[in-house]
1. From the square roots a ≥ b ≥ c of the eigenvalues of the alpha-carbon gyration tensor of segment 109-245, which class results: rounded (a/c under 1.5), prolate (a/b over b/c), or oblate?
2. Which order do you get for S64, S417 if you rank them by accessible area with a 1.4 Å probe, largest at the top?
3. Starting from the 7 Å offset along Cα-to-Cβ, what nm value, one decimal, do you get for the label separation of E229 and S456?
4. Accessible surface of H422 in the full protein assembly, 1.4 angstrom probe, to the nearest 10 Å²?
5. With every protein chain in place, what's the accessible area of K282 (1.4 Å probe, Å², nearest 10)?
6. Provide K235, K213, K322 ordered by accessible surface of protein heavy atoms (probe 1.4 Å), highest first.
7. Read phi for every residue in segment 28-40 and hand back ³J(HN,Hα) as whole Hz from Karplus 6.51 cos²θ - 1.76 cosθ + 1.60, θ = phi - 60°, with x for Gly and Pro.
8. Once Lys and Arg get +1 and Asp and Glu get -1 on their Cβ, which of T142, I161, F183 lies farthest toward the positive end of the dipole of segment 53-206?
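The values are calculated or read from the model by the stated rules, or taken from the named source; none is laboratory data. Bear in mind the structure is a predicted one, so any value in this text is a computation, not a measurement. Virtual Cβ from ideal backbone geometry, glycine too; neighbours counted across all protein chains shown. Quick note on the areas: whole protein, heavy atoms, side chains included, nothing else; ligands and nucleic acids left out. Shrake-Rupley method; radii C 1.70, N 1.55, O 1.52, S 1.80 Å.
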Amino acid sequence: MNTIVEEIKKRAEPSYWPKIEKAINFAIQAHKGQKRLTGEDYVRHPLRTALILSEFRFGPKTLSAAILHDVYEDTPITLETIEKNFGKDIRFLIEGVSNLSKLKYRGTERHVENLRKLFIVMAQDIRIILIKLADRLDNLNTLYALEPERAKRIAMETLEIYAPIAHRLGMGDLKGKLEDAAFAFAFPKEFEWIQNNFKDEYEEGKKYLERIKPSVKKELVKNGVIPLEIHARPKRYYSLYKKLQKYQMDITKIYDLVALRVVVKDIEQCYLTMAIVHKLWKPMIGRIKDYIALPKPNGYRSLHTTVFCVDGRITEFQIRTKQMHDEAEQGIAAHWQYSEKKGLKKYIPGPIKKELGWINQLRDWQRSFKQTSPDEFLESLKIDFFKDRIFVFTPKGDIVELPEDATPIDFSYHIHSDIGDHCTGAKVNGKLVNFNTRLKNGDIVEIMTNPKNQPSRDWLKFARTGLAKNRIKKFIRSSLEKKEKSKLEVLKQFSQKFIFEKIAPQIKKTEKIEKTGKIIISGEKNISHNLAKCCKPKKRDEIIGYITKTKGISIHKKDCKNAKLLKKKWPSKLINASWN
Ligand code: MN
């Protein structure tokens with residue numbers, strides 16, 4: 001434990017140390033006697049989490065929150081106590097980390113991207129994400145102590161959620177570490193296969209690069225480039241596995257198993273280096289990549305080229321400046337360091353403003369690198385654009401993406417139109433709520449249904465999504481049609497039997513019963529009717545039918561006073577009618 005603490009102290013800014021030390025002592029006290037499943041003292045885990053983060057130059061708040069991140073969840077200490085001892089900000093960070101723990105990948109999610117978005121949305125602060133990533137990385141190293149099934153779930157969650165987020169943030173080193181630590185538990189057979197089959201290639205590749213390094217260096221210097229660093233970069237196992245999958249497991253298609261990385265002073269030297277390499281060795285067609293002029297969506301910059309190198313061996317060169325290198329490894333964290341160094345507007349990581357969101361911070365970050373490819377960047381932005389969206393769970397853990405202000409009515413229609421049509425009530429996080437309740441990120445929503453229940457017109461007031469609104473309207477329309485149809489059935493019987501057998505004899509001669517066929521009543525031609533005496537409708541008059549108690553259907557002009565009166569009193573007895 002002492003060695004971890006010493007390491008943290010070595011890396012921390014001296015002025016931060018008293019605050020960090022206070023957090024360390026607090027955590028040691030709080031976790032006293034607690035053991036991890038591996039048998040070690042519990043506090044070693046949060047300390048190592050802080051150690052991972054201390055590599056990036058975070059302030060004392062982030063480091064303290066990392067040190068204290070499990071105190072709230074795993075000891076009796078409350079958030080209030082934490083706030084009293086360490087202040088509001090650290091409490092906020094710890095609460096955020098604990099909120100994120102509730103988010104679990106179950107392997108059944110249809111839209112993993114939504115889960116990633118939810119992760120970001122729930123985090124609210126980039127520092128919370130980074131603490132969570134470091135927490136996960138350390139937990140991966142002790143996965144062997146867990147039951148295989150649980151270990152596999154955590155490993156898959158890492159590959160599907162955590163590593164892609166690290167990648168989005170441009171943190172290549174953390175992403176690679178997360179992936180490789182998870183790989184063995186997520187896909188044990190494949191991991192073993194890679195290990196057994198590529199060990200020699202890796203070793204051989206490294207040896208070869210070590211052998212040619214001096215001559216590469218000599219050539220560069222001779223041509224006016226002073227490399228700051230040349231090193232062999234072995235491809236990480238998981239990244240190799242993914243690439244092999246793309247190429248039907250054909251190893252001969254992998255040219256960058258071990259690449260030679262050349263770090264130089266500035267961008268001019270990058271291009272000069274590439275020119276020298278191309279002069280010495282023939283480049284492969286289609287393998288020259290200028291990620292300096294056209295950075296990758298996550299901000300990655302470098303020149304890549306593959307050449308037929310010494311002894312004709314195909315070799316990839318990755319050429320970059322020191323800043324590009326740090327950014328590729330540390331991503332968003334490197335940005336803070338560089339903006340500080342340059343004396344630019346200091347980037348202080350803080351709560352993500354709701355309307356801005358992390359993606360805008362990322363955009364600022366990218367802008368500060370003077371990126372020249374807005375299209376490509378916008379492409380990547382689209383995936384992450386979730387302003388005005390919320391993400392809620394079904395009780396089974398599926399995620400439903402809805403617009404902000406969505407209600408349980410929207411939720412139920414997004415699950416299934418039947419659920420929507422028959423919903424009788426809703427629970428949010430286990431509590432009964434009204435249909436007009438606004439859902440929030442991370443809410444677990446449960447809908448109660450009854451097959452007899454039907455949508456009501458009121459629901460339109462609560463529905464925010466077009467889908468729900470359309471379904472409700474459709475239902476109302478079809479139920480009106482049904483009513484109309486059943487009216488018609490009654491009418492048919494009424495008109496055929498009743499009118500001719502019982503009513504007809506009573507009708508005065510002047511009210512002669514019209515032959516059927518002239519007037520269409522509710523879409524039917526063969527319904528008997530009489531023309532009202534009061535308004536005497538004639539052909540081309542707009543007309544309407546009224547179901548009388550004793551005389552069958554009377555046809556009135558639509559603007560007839562009596563018809564209007566009847567409409568007011570017995571609207572359900574009116575029926576559509578028109579001249580044939
Ligand atoms: Mn933890």
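1. Details: a/c = 2.80, a/b = 1.60, b/c = 1.75.
Judged from the Cα gyration tensor, segment 109-245 comes out oblate (a/c at least 1.5, b/c at or above a/b).
2. Numbers: S64 5, S417 25 Å².
Most to least solvent-accessible, the answer reads S417, S64.
3. 6.8
4. Rounded to the nearest 10, the figure is 50 Å².
5. 150
6. Values: K235 25, K213 55, K322 90 Å².
Putting K235, K213, K322 in descending order of accessible area: K322, K213, K235.
7. Using θ = phi - 60°, the values come out as 4, 5, 5, 8, 3, x, 7, 10, 7, 4, 6, x, 7 Hz.
8. I161
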